[in-house]
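The values are calculated or read from the model by the stated rules, or taken from the named source; none is laboratory data. Remember, it's a predicted structure, so these values are computed and weren't measured experimentally. In this analysis, Cβ positions are derived from the backbone assuming ideal geometry, glycine residues included, and neighbour counts consider all displayed protein chains.
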Amino acid sequence: MKAEDEKYCVECGKLINIKAEVCPYCGVRQPIFYANQPFQQQNNTFQDDRWLPALLFCFFLGPFGAHRFYLGQIGTAVIQLLTLGGCGIWYLIDLIMIIVGKYKDADGNYIKSPVNNN
Ligand SMILES: [Zn+2]
């Protein structure tokens, strides 16, 4: 088990003192701050970096389903393309949904909006 004052050696993986600059087992120098660096957050809960591109795609190229292509919703994107954005109404609904953060991607995850965090 890893204790608070221990870290894993980047080379051999053995538990060593968190302040150790060189691993006593393999002699490999440890990167500075390696143990203290927090894991990069996978999901930013405040903003979705796809939001602005999706919004711009929908705004300018919505009738061609560009935002749906961008978000991986190829099936409905093609339908939208063929119907020119659902006769100009469907893509407007998508645009509003993106703006208010209620739009879902192909995996069912909301494209979170900085305008309306919820
Ligand atoms: Zn080592």
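Surrounded by fewer than 16 Cβ atoms within 10 Å (Cβ to Cβ) and either within 12 Å of CYS58 (Cα to Cα) or aromatic (Phe, Trp, Tyr) (or both), is that true of GLY88? Spelling it out, GLY88 is indeed surrounded by fewer than 16 Cβ atoms within 10 Å (Cβ to Cβ) and either within 12 Å of CYS58 (Cα to Cα) or aromatic (Phe, Trp, Tyr) (or both). Taking each residue of the stretch 12-27 that is assigned by TED's automatic domain parsing to the domain that holds LYS2 and looking for partners that are more than 9 Å from the ligand (Cβ to nearest atom) and outside any loop (DSSP other than H, G, I, E, B) with beta-carbon atoms closer than 6 Å, six or more apart or interchain, yields LEU15/GLU6; ILE18/GLU6; ILE18/LYS7; VAL22/ARG29.
Kindly indicate whether LEU81 is at pLDDT 90 or above, touching a Cys at 6+ places or on another chain (Cβ under 8 Å) and not assigned by TED's automatic domain parsing to the domain that holds ALA3.
Spelling it out, it is not the case that LEU81 is at pLDDT 90 or above, touching a Cys at 6+ places or on another chain (Cβ under 8 Å) and not assigned by TED's automatic domain parsing to the domain that holds ALA3.
Of all residues in the stretch 1-21, those satisfying the criterion of being assigned to a loop (DSSP other than H, G, I, E, B), near the ligand (Cβ under 10 Å from one of its atoms) and at negative phi are CYS9, VAL10, GLU11, CYS12, LYS14, ALA20.
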